[in-house]
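Comments concern the structure below.
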Amino acid sequence: MTERTGIITFKGNPMTLLGPELKVGDKAPDFTVADNGLAPVTLAGSAGKIRVISAVPSLDTPVCDTETRRFNQEAAALPDNVVVLTVSLDLPFTQKRWCGAAGIERVTTLSDYRDRSFGLAYGVVIKELMLLSRAIFVIDAANTIRYIQIVPEVTSEPDYAAVLKAVQALL
């Protein structure tokens, strides 16, 4: 397993990411995660659409909560050919409860709890915490990665404007 350092910190402490360093222009790796009903979900399941994949450590933390609510608001203004997926290691039951309480309707939450298929394929598993790092991937309808944002400090929010600009460039 590839280990990468010097990319992120958590509360100022250097962390190690597990998995490959993906680059813009790479083919997006497939993965299998679980939806809120425990059904398997793959990247191929949203083929032909523009995907915004937001990796977060846990929906039950303030920054992840804020980020997912923000993407839910932004997604309401995007066309139907854009899907926003938030992936965490929270159990599907936790995600379902959180979405219901937060009124999330335009973001699909997915759990990578089984085997970290997404996290390891996209290089965003934090070795020291065994959680996902905060990162955004924008993938076009042909499964090519068009934008990557690995948030340097895990407890910080992403640059929403940059993500939305990358999505707009694909419309």
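Nothing in this text is a laboratory measurement; each read-out follows from the coordinates by a stated rule. Everything numeric in this text was worked out from a predicted model, so none of it was measured. All Cβ positions, glycine included, derive from the backbone under ideal geometry; neighbour counts span all protein chains shown.
Give me the Kirkwood hydrodynamic radius of region 1-74, using the inverse of the mean 1/r over all pairs of distinct Cα atoms, in Å to one decimal. For region 1-74, the Kirkwood estimate is 15.2 Å. Projected onto its three principal axes, the C-alpha set of region 56-171 covers 36, 30, 25 Å, listed from the longest axis down. Near the amide H of I8, within less than 5 Å, lie the amide hydrogens of M15, all on another chain or at least 5 residues away, with H placed in the peptide plane. Directionally averaged projected area (region 110-171, Cα convex hull): 4.9 nm².
Excluding same-chain pairs closer than 8 in sequence, count the lysine pairs in region 1-115 whose Cα atoms lie under 27 Å apart.
Lysine pairs meeting the criterion: 4.
Taking a Cβ cut-off of under 13 Å around T68, the surrounding Lys, Arg, Asp and Glu residues balance to a net charge of -3, with basic ones at +1 and acidic ones at -1. The calculated FRET efficiency for the pair A142 and A39, based on their C-beta separation and a Förster distance of 22 Å, comes to about 0.30.
With R₀ fixed at 22 Å, the C-beta to C-beta distance from N81 to K23 puts the FRET efficiency at about 0.35.
Here the contact order of the chain, divided by its residue count and restricted to Cα pairs under 8 Å and six or more residues apart, works out to 31 percent. For region 97-152 and region 1-59, what is the separation of their Cα centres, given in Å? With region 97-152 and region 1-59 each reduced to a Cα centre, they are spaced 5 Å.
For the listed peptides 125-138, 34-47, a ranking on the average number of other beta carbons within 10 Å per residue, highest first, reads 125-138, 34-47.
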